[in-house]
1. Can you tell me the orientation of helix 121-145 relative to the chain, as the angle in degrees between its alpha-carbon axis and the longest Cα principal axis, to the nearest 10?
2. Taking 22 Å as the cut-off for C-alpha to C-alpha distance, list the pairs among LYS58/LYS95; LYS36/LYS98; LYS58/LYS117 that go past it.
3. Could you list, in their original order, any pairs among LYS44/LYS137; LYS100/LYS121; LYS89/LYS121 whose Cα atoms are separated by more than 28 Å?
4. List the extent of the Cα atoms of the chain along each of their three principal axes, largest first, rounded to whole Å.
5. Hey, what did the range 16-126 get for relative contact order, percent, Cα under 8 Å, at least 6 apart?
6. Which of ASN18, ASN97, ASN53 sits closest to the plus end of the dipole of the chain, meaning its Cα is farthest towards the positive end, when Lys and Arg get +1 and Asp and Glu get -1 on the C-beta?
Amino acid sequence: MIISGSFETLSGYENAINFLGNIDNIISCMPMYDVKKDGIIKAKIKIDLSFLNMDALKSITGKISFNYIVNDNNITVDGSGRAAGAGLKFKIDIKINKDKNTIILWNADFDPGIIAKMLGKNKLDEAASVNIENAIKCIKARLDDLHH
């Protein structure tokens, strides 16, 4: 499952690179807790599914580990984990472009494993979209706050 998008920020190119280059700024916008940073980043996750109106399943919890690699204006998040008893893999690429304004391009490649069978394609797509949108909105808002 590949999800991608872009957004423009008023924060400026250098502010965007400094902000996104610091994993702590990203963690605060993600559904992660009990984060341990020791080379590889390890965390527990809780993915909200309440909007799907499934009485028996309000969220999925799990554990993930990932590398956060910053290389100039490119950031790669590459990891794996387990959620709801199923393995998952993910890779997120972020590129910061300097144009008239600063543009953040992102691409997430997510292999949900058996979770796709548990939820079904439509519910999985909706769950991924809502959770990713929430994280992106948070990151954009925090970046735009740097402009003020």
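1. 30
2. Working: LYS58/LYS95 33 Å; LYS36/LYS98 32 Å; LYS58/LYS117 17 Å.
With Cα atoms farther than 22 Å apart: LYS58/LYS95; LYS36/LYS98.
3. Numbers: LYS44/LYS137 21 Å; LYS100/LYS121 38 Å; LYS89/LYS121 17 Å.
Over 28 Å Cα-Cα: LYS100/LYS121.
4. Over the chain, Cα extents along the principal axes are 46, 32, 23 Å.
5. Details: 186 pairs, mean separation 18.0, N = 111.
Averaging sequence separation for qualifying contacts and normalising by length gives 16 percent for the range 16-126.
6. ASN53
Read the figures in this text as sums done on the coordinates, not as results from a lab. Everything numeric here is computed off the predicted structure, so don't read it as measured data. All Cβ positions, glycine included, derive from the backbone under ideal geometry; neighbour counts span all protein chains shown.
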